[in-house]
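Right, one structure below, let's go through it.
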Amino acid sequence: MIEPAKPMIDAPIAGQSLTAELGNRPWQQPPQYNTVEEALEFYIPRITNPDMLEDLLDVMETGIPLTTIANALQSGGVMEGKHTIDVGILVMPVLIETMAYLGDEAGIEYTVGSNKLEDTDKPTDSRIANIMSKIEDEKEPAIEEEPVEAEMESEPPSGGLMSRRIQDGV
Amino acid sequence: MYNVGYQAMKNLKLPKAQEPKKDTNSMGLLARNMSNNNAPKKEQDVKQRVANYVAQIRKARMELNND
């Protein structure tokens, strides 16, 4: 049975976007930076600025993924009318990589957003495990291990009156 | 969760390092060596340009980590 969707209480009211005059919002104006290169020329000096860099490294160290930080940066740029969403999304990988570089340079631990992003040429763990098992199979045939006879520890016969009788052969 | 940054990085196809092509020496005495690099470079796609930027920064980062 399909459950009814939960009401979106914090969603904008229908027609809310029409409450402001069209063109009053910065993102409704022509963007300030039209190309990826222009947008990067805007972002990179800001990121590498010593004042902002310190805060950025602190945020990165708290464990917030770089993808989230980059997304927040470019969303802010779109809201300010600096560039379009298209340019923002195109710029994001460069921002993420730049922040990773700065993080490595500063020697801090950070999260990129997914482990899959790093070392794309590196084979996956499952693939390595498969290859290793194949190599081991080719190397030597499987040796059957002799069953180790477990030594049965014989319990000392209890001499108490209330102790359980131990039957032989059980 | 739909992570735009992750999607953008995942869909990025990084260029592979290309070995420099050697010039083919012609056998004639007066013939000049024609290099293959004279061909005008095509204007790259935006995604390719971004991938190149990412590759350059990543290379620098790897060199930084290996030092």
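Observations
- Burial ordering of B:Met9, B:Met62, fewest other beta-carbon atoms within 10 Å first: B:Met62, B:Met9
- Among the listed pairs A:Lys82/B:Lys16; B:Lys16/B:Lys42; A:Lys139/B:Lys16; A:Lys134/B:Lys59, a Cα-Cα separation exceeding 24 Å is found for A:Lys82/B:Lys16; A:Lys139/B:Lys16; A:Lys134/B:Lys59.
- Angstrom value of the Kirkwood radius, inverse mean 1/r, which spans all Cα pairs in region A:1-92: 15.7
- Averaged over the residues of A:87-93, the number of partner chain Cβ atoms lying within 10 Å of the residue Cβ comes to 6.
- Averaged over the residues of B:6-16, the number of partner chain Cβ atoms lying within 10 Å of the residue Cβ comes to 6.
- For the peptide A:63-75, the mean number of other protein chain Cβ atoms found within 10 angstrom of a residue's Cβ is 3.
- The order of A:Leu90, B:Leu64, going from fewest to most other C-beta atoms within 10 Å of their C-beta, is B:Leu64, A:Leu90.
- For A:Glu61, B:Glu43, the sequence from fewest to most other C-beta atoms within 10 Å is B:Glu43, A:Glu61.
- Phi angles across region A:18-34 convert, under the Karplus curve 6.51 cos²θ - 1.76 cosθ + 1.60 with θ = phi - 60°, into 3J(HN,Hα) values of 9, 6, 9, 4, 4, x, 7, 7, x, 6, 8, 9, x, x, 6, 10, 8 Hz, Gly and Pro given as x.
Each value in this text was obtained by applying a stated rule to the coordinates, not by laboratory testing. Bear in mind that the values here come from a model prediction, so they are computed numbers and not experimental data. Cβ atoms come from the backbone with ideal geometry, glycine included; neighbour counts cover every protein chain shown.
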